[in-house]
Amino acid sequence: TRANDLKTKLALAIKRQMIKAIHAGIPGWADEPEEQKEMLAKYRKYGDQYTPEEADWYGYTILDATNRIAKILRAEAEAKIVPLKHEFRRKLIEDLKESGMENVERIVRTEQGKIVDYSGDEKKSWISKLNPFSKK
């Protein structure tokens with residue numbers, strides 16, 4: 001049945017599930033492989049009309065589709081993004097360790113405007129020197 005002839009959201013949802021099942025090889029009939037092959041041969045033409053991505057989005061109303069895309073975008077935004085500076089720092093430390101350098105973490109470490117060099121002496125940044133309210 002064409003989508004415009006289906007009048008309810010339930011019918012569209014059922015058709016979406018059927019199309020997705022055809023794309024997945026009708027896993028509900030995995031116990032009976034002969035019948036599964038027959039059903040796939042019979043209904044494959046209906047599943048081939050849609051790509052798997054189109055089948056995922058088939059039959060949603062505008063409101064449902066916008067809610068779904070908003071949920072997907074929120075999930076992507078919440079996924080933790082690791083800044084490249086951390087990855088580059090880790091790679092630098094590994095490269096320095098491979099070259100045989102000792103105390104690599106002390107050399108590369110920076111903390112809140114203070115740069116710790118290999119001797120362990122703390123150096124103040126130029127911004128902290130300009131601050132008239134800092135303790136000297």
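The values are calculated or read from the model by the stated rules, or taken from the named source; none is laboratory data. Owing to the predicted nature of the structure, the values given are computational and were not obtained by experimental measurement. Note that each Cβ is placed from the backbone with ideal geometry, even for glycine, and that neighbours are counted across all protein chains shown.
Brief remarks on what is shown
- Here Lys85 fulfils each of the conditions (1) of a type outside the set (Val, Ile, Thr); (2) touching a strand residue (DSSP E or B) at 6+ places or on another chain (Cβ under 8 Å); (3) at pLDDT 85 or above apart from (2).
- Only one entry in Leu40, Leu10 is more than 29 Å from Thr61 (Cβ to Cβ) and assigned to a helix (DSSP H, G or I), namely Leu40.
- Residues of the range 54-68 that are of a type in the set (Ser, Thr, Tyr) and either surrounded by 11 or more Cβ atoms within 10 Å (Cβ to Cβ) or more than 17 Å from Ala3 (Cα to Cα) (or both): Tyr58, Tyr60, Thr66.
- Among residues of the range 69-103, those that are of a type in the set (Gly, Ala, Ser), within 30 Å of Trp57 (Cβ to Cβ) and loosely packed, with under 10 Cβ neighbours inside 10 Å, counted: 3
- Residue count for the range 19-53, restricted to those that are among the charged types (D, E, K, R) and either in contact with a Lys or Arg (Cβ under 8 Å, 6 or more places away or on another chain) or surrounded by 12 or more Cβ atoms within 10 Å (Cβ to Cβ) (or both): 4
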